[in-house]
Amino acid sequence: MKRTIGALRVAAVLGGALVLSGCSLFGGKVDQGMSEEMKQKCPPVGIVAYTGQVTRFAGLGRLAQDVALRAEITNLKVVCVNSEDKGAVNARITFDVVAERGPASTDSGASLQYFVAITPDSKTVAKKDVYDSSHSFGSNGISTSSETIDAVVPLKGEDIPYEEILIGLQLTREELGYNIARAGVR
């Protein structure tokens with residue numbers, strides 16, 4: 001589904017989970033078809049640590065047979081083009097949310113939420129939007145939702161992005177705690 005966000009300034013703090021992870025410094029792959037100039041203007045895009053996947057359980061058990069749902073964000077990419085506003089760049093972020101029904105569920109689908117946050121400094125969130133990702137499981141119990149976010153990102157100078165774009169699944173405290181514990185962080 002295609003979504004659009006702007007560069008509205010709203011002061012908020014995301015908290016201790018605002019640590020970046022992924023396959024590159026910020027997790028997103030910059031489209032190789034862009035010019036070097038455009039790659040420099042493109043904002044860093046990444047998945048906030050411990051929010052790129054979720055495991056939901058049926059009941060109080062935490063064993064493999066108690067898993068109702070697993071989901072993760074994959075294939076994060078960004079493509080940038082010049083904006084009509086010379087002091088900004090248009091960024092198109094694409095990614096997939098892949099959900100898998102676990103052995104403890106017979107549900108035919110699942111609803112997940114993900115967030116997109118714009119941050120100028122990895123500590124302060126200038127804007128955060130939460131979106132729904134609906135999944136209907138096929139006979140194999142897997143569903144993929146392809147997501148597209150269009151954002152106008154201001155530039156600090158002529159070609160340096162002012163902001164980073166952070167993405168993650170909207171988790172409960174318990175889900176985030178499970179991910180952190182599973183990663184072995186104390």
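The values are calculated or read from the model by the stated rules, or taken from the named source; none is laboratory data. Everything numeric here is computed off the predicted structure, so don't read it as measured data. So basically every Cβ, Gly included, is an ideal-geometry build from the backbone, and we count neighbours across all protein chains shown. Please note that ligands, DNA and RNA were not included when accessible areas were found on the heavy atoms of the full protein model with its side chains. Shrake-Rupley method; radii C 1.70, N 1.55, O 1.52, S 1.80 Å.
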Legend entry - So Ile93, is it at pLDDT 90 or above, within 30 Å of Ala58 (Cα to Cα) and in contact with a Lys or Arg (Cβ under 8 Å, 6 or more places away or on another chain): no
Inset, instruction - With respect to Ala104, determine if the residue is touching a Pro at 6+ places or on another chain (Cβ under 8 Å) and either at pLDDT 95 or above or of a type in the set (Gly, Ala, Ser) (or both). - result: no
Legend entry - Cβ pairs under 9 Å, 6+ apart, first in the stretch 134-158 and open to solvent by 60 Å² or more (accessible area, probe 1.4 Å), second of a type in the set (Phe, Trp, Tyr): Ser146/Phe95; Lys156/Tyr162
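Kindly indicate whether Ala91 is closer than 13 Å to Lys41 by Cα, buried (at least 16 other Cβ atoms within 10 Å of the Cβ) and not aromatic (Phe, Trp, Tyr).
It is true that Ala91 is closer than 13 Å to Lys41 by Cα, buried (at least 16 other Cβ atoms within 10 Å of the Cβ) and not aromatic (Phe, Trp, Tyr).
With respect to Leu8, is the statement that it is of a type in the set (A, V, I, L, M), open to solvent by 80 Å² or more (accessible area, probe 1.4 Å), at pLDDT below 75 and closer than 23 Å to Phe95 by Cβ true?
Values: of a type in the set (A, V, I, L, M): yes; open to solvent by 80 Å² or more (accessible area, probe 1.4 Å): yes; at pLDDT below 75: yes; closer than 23 Å to Phe95 by Cβ: yes.
It is true that Leu8 is of a type in the set (A, V, I, L, M), open to solvent by 80 Å² or more (accessible area, probe 1.4 Å), at pLDDT below 75 and closer than 23 Å to Phe95 by Cβ.
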Inset, instruction - Please state which of the following conditions Leu60 fails to meet, knowing it meets all the rest: (1) open to solvent by less than 70 Å² (accessible area, probe 1.4 Å); (2) at pLDDT 55 or above; (3) aliphatic (A, V, I, L, M). - result: (1)
Legend entry - Near pairs, Cβ below 8 angstrom, 6+ apart or cross-chain, from the stretch 101-127 (closer than 18 Å to Ser145 by Cβ and touching a residue at least 40 places away in the same chain (Cβ under 8 Å)) to any residue that is among the acidic types (Asp, Glu) and in a strand (DSSP E or B): Leu112/Asp132; Gln113/Asp132; Tyr114/Glu147; Phe115/Asp129; Val116/Asp129
Inset, instruction - Tell me, yes or no, whether the stretch 121-142 has at least one residue that is in contact with a helix residue (DSSP H, G or I) (Cβ under 9 Å, 6 or more places away or on another chain) and of a type in the set (Val, Ile, Thr). - result: no
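For every residue, the table says whether it meets (1) among the basic types (Lys, Arg); (2) assigned to a strand (DSSP E or B); (3) under 26 Å from Gly141 (Cα atoms).
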position: Gln40; (1), (2), (3): no, no, no
position: Gly59; (1), (2), (3): no, no, yes
position: Arg62; (1), (2), (3): yes, no, yes
position: Lys77; (1), (2), (3): yes, yes, yes
position: Glu84; (1), (2), (3): no, no, no
position: Ile93; (1), (2), (3): no, yes, no
position: Glu100; (1), (2), (3): no, yes, yes
position: Phe115; (1), (2), (3): no, yes, yes
position: Lys123; (1), (2), (3): yes, no, no
Inset, instruction - Could you grab me the full set of residues in the stretch 48-100 that are over 23 Å from His135 (Cα atoms), touching a residue at least 24 places away in the same chain (Cβ under 8 Å) and aliphatic (A, V, I, L, M)? - result: Ala49, Val78, Val79, Val81, Ala88, Val89, Ala91
